[in-house]
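Derivation of every value follows stated rules applied to the coordinates shown; laboratory data play no part. Given the structure is predicted, the values throughout are model-derived calculations rather than measurements. Neighbour counts are summed over all protein chains in view; Cβ atoms, including those assigned to glycine, are modelled from backbone coordinates with ideal geometry.
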Amino acid sequence: MKKFSIVIAGGGSTYTPGIVMTLLNHLDRFPIRQLKFYDNDGERQKVIADACEVILREKAPEIKFVATTDPEEGFTDVDFVMAQIRVGKYALRDQDEKIPLKYGVIGQETCGPGGIAYGLRSIGGVLEIADYMEKYSPNAWMLNYSNPASIVAEATRRLRPNAKILNICDMPVGIQERMAKIVGLNYYNDLEVRYFGLNHFGWWTAVRDKQGNDLMPKIREYVAEHGYLLPDIPDESSWKATFGMAKNTFALDPERFPNTYLQYYLYTKFEAEHMDPHHTRTDEVREGREKFVFSECKKIAASQSIEGLKFKPDDHSNYIVDLSRAIAYNTHERMLVIVENNGAVANFEPTAMVEVPCIVGSNGPERLAMGDIPRFQKGLLEQQVAVEKLAVDAWEEHSYLKLWQALTLSHTVPDASVAKKILDDLIEANKGFWPELK
Ligand code: NAD
């Protein structure tokens, strides 16, 4: 059995230890010979790498481990690039969330003005990773989690059309895991689904078990009452609200199950009013996930022991490893991937990057036809895809006007004058990360 070599780009990510745990759990079905971490912040990465080195030494000493800030060392001799970079890190995410809130507008990592701002930072970083892969390991595949996935995917479609990049998201996987639990199953891949939309902007139109039984009626009954909130999963406060809110987004179309992020577009005023402009999701992540991951890593490195190891595989890590396996072994599994529409959603823009089920094998994803979509969703999608395409236009052309148009068009922004104020603040905050706009 071939053994694979993997680089995690954004080795300093809070999600890295989870991916390492999943890789270690799956060595019998996805053997690896080498694991590398690459990050452009060596200091941040070192904390995670020092701990992961101990974990690997204890659990799989045969795997060669490298942590580097040198692209050549990081990207040479790899089969898979698992990318999860955050250009501008939490400091800029904080601004993405807090600047729009100053004007009463949703402040969110990937939606609305915050997502657009993040997109303009991410495009260059993600293209750089793709180019390193192309230069040092041209046969590799890049599986990209780096957000905002929709804008990043549009940029990679346009600017690196031949690169072997799959843009992916763990949110549908996380929701499917909840749907599975509602019907007494365990995992996201116990379900077979039909789904359409843009990233963080989609709907499930069919949910079946592996025997083909329709699970929609039972899930519908549950979601109408509770959203995706499950009693046995303790959610952090903003996630609890999000999973509960799915009940309200579902009410707008009780035939299809919504992605949780639709709350920001469909209940915009309510959501903005219920965000604390001084304590946003970034603060929660810093006080929660980041603090936990970094303190656990420091503990492991200091003791050189994995006794009481708290890192576990999760939806995020399982999905990227399942996807790598599908490519590595040509399994033709059905998975959600962000791909060029090209007819998958029949009555929608052919060049949009849509999230739909695909059959994934060693030649990449083969999209499944989702047919026509209803007018309500089509209207929303047309508007959102225009926002995302304008954002990429703005990055390519260094255009202030296109970016102003993108913000104005976002369903989360009330009008052009508010859009302009937010934009001018974002330009200040993103100096050195955005192209200089004319
Ligand atoms: P994080 O800040 O903890 O880690 C990101 C790492 O990327 C940092 O160590 C940073 O130094 C590094 N980095 C930034 N710019 C870089 C560059 N140009 N080259 C190399 N490394 C660079 O962030 P996190 O919260 O762990 O999230 C990581 C990424 O994964 C983010 O983009 C986040 O939005 C994304 N994410 C996506 C999904 C999804 O489903 N698509 C889910 C969770 C997280």
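Just one of (1) over 12 Å from Ala301 (Cβ atoms); (2) in contact with a strand residue (DSSP E or B) (Cβ under 9 Å, 6 or more places away or on another chain); (3) away from the ligand (no atom under 13 Å from the Cβ) fails for Glu58. It is (2).
For the condition within 22 Å of the chain's Cα centre (by Cα) and within 11 Å of the ligand (Cβ to nearest atom), Gly88 qualifies.
Looking across region 153-170, just one residue is assigned to a helix (DSSP H, G or I) and more than 21 Å from Phe201 (Cα to Cα), and that is Leu159. Considering region 127-152, the residues that are assigned to a helix (DSSP H, G or I) and within 8 Å of the ligand (Cβ to nearest atom) include one that is farthest from Ala163 (Cα to Cα), namely Ala149. Tally time: how many residues in region 20-50 are in contact (Cβ under 8 Å) with a residue 40 or more places away in the chain and farther than 21 Å from Asp70 by Cβ? Selection size over region 20-50: 7. Residues satisfying the criterion are absent from region 290-313 (criterion: more than 14 Å from the ligand (Cβ to nearest atom), touching a residue at least 24 places away in the same chain (Cβ under 8 Å), touching a strand residue (DSSP E or B) at 6+ places or on another chain (Cβ under 7 Å) and closer than 24 Å to Tyr15 by Cβ).
Looking at this structure, is Ala251 out of contact with any helix residue (DSSP H, G or I) (no Cβ under 7 Å at 6 or more places or on another chain), surrounded by 15 or more Cβ atoms within 10 Å (Cβ to Cβ) and hydrophobic (A, V, I, L, M, F, W, C)? No, not satisfied.
Looking only at region 105-118, which residues are among the small types (Gly, Ala, Ser) and either within 11 Å of the ligand (Cβ to nearest atom) or more than 17 Å from the chain's Cα centre (by Cα) (or both)?
Going through region 105-118, the residues among the small types (Gly, Ala, Ser) turn out to be 107, 112, 114-115, 117.
Within region 105-118, Gly107, Gly115 qualify.
The helices (runs of 4 or more DSSP H) found entirely in region 373-438 that carry 3 or more residues being within 14 Å of Ala352 (Cβ to Cβ) are 375-397.
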